[in-house]
Amino acid sequence: MNGLMMDRPLLISSLLTHAEQQHAEREIVSRRVEGDVHRYTYGDMGRRARQLANALAARGIAQGQRVATLAWNGYRHMELYYAVSGSGAVLHTINPRLHADQVAWIADHAEDQILFFDLTFLPLVEAIASRVSTIKAFVAMTDRAHMPATTTLAGLLCYEDLLAAQTDRFDWPDLDERSASSLCYTSGTTGNPKGVLYSHRSTLLHAYAAALPDALNYSSHDAVLPVVPMFHVNAWGIPYIAAMVGAKLVFPGPWLDGQSLYELFEAEGVTVSAGVPTVWQGLLTHVQSHGLRFGSMRRTIIGGSACPPAMIEAFQQHDVQVIHAWGMTETSPLGSVSRLTPRQAALDAPQRQALQAKQGRAVFGVEMKIVDAAGQRLPHDGRTPGELMVRGPWIASGYFRGEGAGPLVDGWFPTGDVATIDADGFMQITDRSKDVIKSGGEWIGSIDLENIAMAHPAVAMAACIGVRHPKWDERPLLVVAKKPGRALSRDELLAFFEGRVAKWWTPDDVVFVDQIPLGGTGKMQKNLLRDAYRDHLLTPA
Ligand code: AMP
């Protein structure tokens with residue numbers, strides 16, 4: 001027997017309608033590419049999103065077609081989020097930090113029809129324009145006064161002109177909630193990028209779950225500044241969640257250095273932010289070296305790669321709580337959050353910190369298990385590592401235009417992460433499966449070793465990789481970038497591991513570099529380091 005409840009679809013447009021009715025006055029503040037700060041409200045945003053929806057319809061964009069963006073975090077990008085998905089088309093956010101060849105490949109694979117871009121990316125768009133076969137129009141996300149001179153992009157359109165030509169009357173269509181809403185390609189280090197295609201339903205369920213107090217805890221009293229880009233897994237859902245709860249939004253545009261972020265935090269009363277660890281390194285360095293304090297910041301969500309305990313502690317010293325979360329492009333992204341239970345909150349500080357450094361417990365809606373190479377479930381004893389498998393209504397079931405059987409194994413998504421899970425459900429990532437170091441048949445967790453190195457006061461960033469060894473197959477090598485002006489020798493750093501880790505886990509050597517290579521989403525590119533140093537221990541010094 002069916003229940004007698006309405007079957008209203010879960011739609012992205014309903015978030016905007018809600019925000020316009022319930023939080024119309026709440027502000028959205030953006031640092032613009034043009035250099036100034038722009039501010040308006042959810043009410044203004046709704047009106048402009050409807051004008052944009054009319055503009056898309058006028059250009060023949062149909063439901064299901066892909067509309068691409070190459071853009072920073074800003075209010076025009078937010079309008080695209082709602083106008084494109086709300087009208088039934090698919091918002092394809094492309095990562096502008098990728099190489100032009102990859103951007104062209106992705107746009108072609110997605111069969112994008114129209115491309116909206118921030119002025120910063122004009123050279124990139126010019127470089128790919130003749131190579132993308134399906135894109136019929138390019139739109140510069142600016143006003144007439146700032147339109148760039150270009151000979152390559154014939155008929156370049158102006159965003160503000162497109163809007164000005166339209167009314168703000170538009171009825172959002174009643175879509176099937178399972179229809180596609182947005183598309184994001186994963187930054188795979190091998191093979192071609194893969195498209196993850198979100199639906200209206202998956203996006204709304206993810207937003208509900210992520211907003212909960214024991215998940216990421218967003219409220220109407222917050223001012224949220226997403227450092228995580230809107231081209232990386234929908235800025236971890238913040239554009240949707242903020243509209244749902246009525247949080248003030250503060251967009252940093254292209255200015256992501258420590259000083260610019262700090263100034264914006266203070267000027268706009270930001271209470272919560274979100275981003276990958278490498279971004280916070282810059283901010284912490286700025287705050288510490290200038291003896292500054294955070295006036296309004298209360299917490300920050302850190303994910304995308306393991307958050308070193310030293311970073312959690314540094315933020316704590318500034319009265320900022322770190323919420324360590326785990327996820328992937330394929331998981332929308334929220335999978336787990338490291339939040340202490342009431343029992344754990346009463347533990348002493350070192351125990352609490354050790355738990356916070358883990359990736360945490362699955363949020364409601366996500367199921368997790370770890371398995372061995374034969375796919376058998378492994379115990380949740382906090383010690384036995386296995387491949388992490390997940391399933392739930394906002395986890396990918398396949399890739400866009402994917403070939404072959406698809407990624408699922410018995411209905412579970414294999415994450416490629418190696419993890420332990422303890423009796424309380426706390427999951428800890430020990431490695432990416434391709435980053436695992438296997439020494440004499442035993443696994444060494446590269447993340448543990450990186451966290452120890454990062455706790456040394458002279459270390460700015462550390463990557464641990466497995467390199468070839470004549471006896472043990474592989475041994476850990478530490479690649480380290482020092483903090484500016486700090487002295488540190490190989491032996492000093494290796495001595496720092498004593499007593500902190502089993503002796504056979506201690507790295508065999510240290511290589512000092514100026515910079516660790518970072519990928520398009522700010523993660524360390526360990527594959528490049530492995531290529532460079534694979535034979536390091538075999539080569540006589
Ligand atoms: P992406 O799809 O580019 O967001 O990358 C997802 C991958 O980032 C995951 O499979 C993990 O390997 C890694 N990752 C994300 N969050 C964390 C975290 N908190 N700790 C360790 N690794 C993480």
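Figures for the structure shown
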{"item": "Helix-only CD estimate at 222 nm, as mean residue ellipticity for the chain, using -39500 (n - 2.57) per DSSP H run (n ≥ 4)", "result": "-8500 deg cm²/dmol"}
{"item": "Added length on full extension, which subtracts the Cα-Cα distance from 0.36 nm per residue, Asp509 to Trp255", "result": "87.8 nm"}
{"item": "Relative contact order, percent, the range 435-532 [alpha-carbon distance under 8 Å, six or more residues apart]", "result": "27 percent"}
{"item": "Computed E for Ser433/Asp176 - FRET, C-beta separation, R0 41 angstrom, nearest 0.05", "result": "0.70"}
{"item": "In Å², nearest 10: area of Leu538 left accessible to a 1.4 Å probe", "result": "80 Å²"}
{"item": "Inverse mean reciprocal Cα-Cα distance (Kirkwood Rh) of the chain, Å", "result": "24.3 Å"}
{"item": "Inter-part distance where the range 352-425 and the range 488-541 are each reduced to a Cα centre, Å", "result": "28 Å"}
{"item": "Kirkwood Rh and Cα Rg combined as Rg/Rh, the range 435-532", "result": "0.95"}
{"item": "Over 31 Å (Cα to Cα) - which of Lys369/Lys471; Lys136/Lys194; Lys369/Lys482 fall in this group", "result": "Lys369/Lys471; Lys369/Lys482"}
{"item": "Trypsin sites (Lys or Arg not before Pro) within the range 31-117: DSSP coil, no more than 12 neighbouring Cβ in 10 Å", "result": "none"}
{"item": "Degrees, to the nearest 10: 200-211 long Cα axis against longest axis of the chain", "result": "60 degrees"}
{"item": "With at most 15 other Cβ atoms within 10 Å, longest stretch of the chain clear of loop chymotrypsin sites (Phe, Trp or Tyr not before Pro) (DSSP)", "result": "1-254"}
{"item": "Accessible-area composition of the chain, carbon plus sulfur, in percent [1.4 Å probe]", "result": "50 percent"}
{"item": "Solvent-accessible ranking of Lys526, Lys194, largest area first, probe 1.4 Å", "result": "Lys194, Lys526"}
{"item": "Coil-residue GluC sites (Glu not before Pro) of the range 319-417, DSSP, other Cβ within 10 Å capped at 11", "result": "Glu403"}
{"item": "Trypsin sites (Lys or Arg not before Pro) within the range 277-341, DSSP loop, no more than 11 other Cβ atoms inside 10 Å", "result": "Arg293"}
{"item": "Pairwise FRET efficiency - Ala373 versus Asn2, Cβ, R0 = 51 Å, nearest 0.05", "result": "0.75"}
{"item": "Per residue, in Å², the accessible surface of the chain once ligands and nucleic acids are set aside, probe 1.4 Å", "result": "42 Å²"}
{"item": "Efficiency of FRET from Cβ geometry, Gln63 and Leu157, R₀ 22 Å, rounded to 0.05", "result": "0.55"}
{"item": "Local electrostatic count, Thr41, Cβ distance below 12 Å [Lys/Arg +1, Asp/Glu -1]", "result": "+1"}
{"item": "Largest to smallest principal axis extent of the C-alpha atoms in the range 406-478, angstrom", "result": "44, 32, 25"}
{"item": "Cα-projected label distance for Asp214 with Ser133, points at 7 Å along beta-carbon direction, nm", "result": "5.2 nm"}
{"item": "Gain in span if fully extended, Val37 to Arg298, counting 0.36 nm per residue against the direct Cα distance", "result": "91.6 nm"}
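The values are calculated or read from the model by the stated rules, or taken from the named source; none is laboratory data. Predicted model, so just to flag it, every value in this text is computed and none were measured. For neighbour counting, all protein chains shown are included, and Cβ atoms are generated from backbone atoms with ideal geometry for every residue, glycine included. Please note that ligands, DNA and RNA were not included when accessible areas were found on the heavy atoms of the full protein model with its side chains. Shrake-Rupley method; radii C 1.70, N 1.55, O 1.52, S 1.80 Å.
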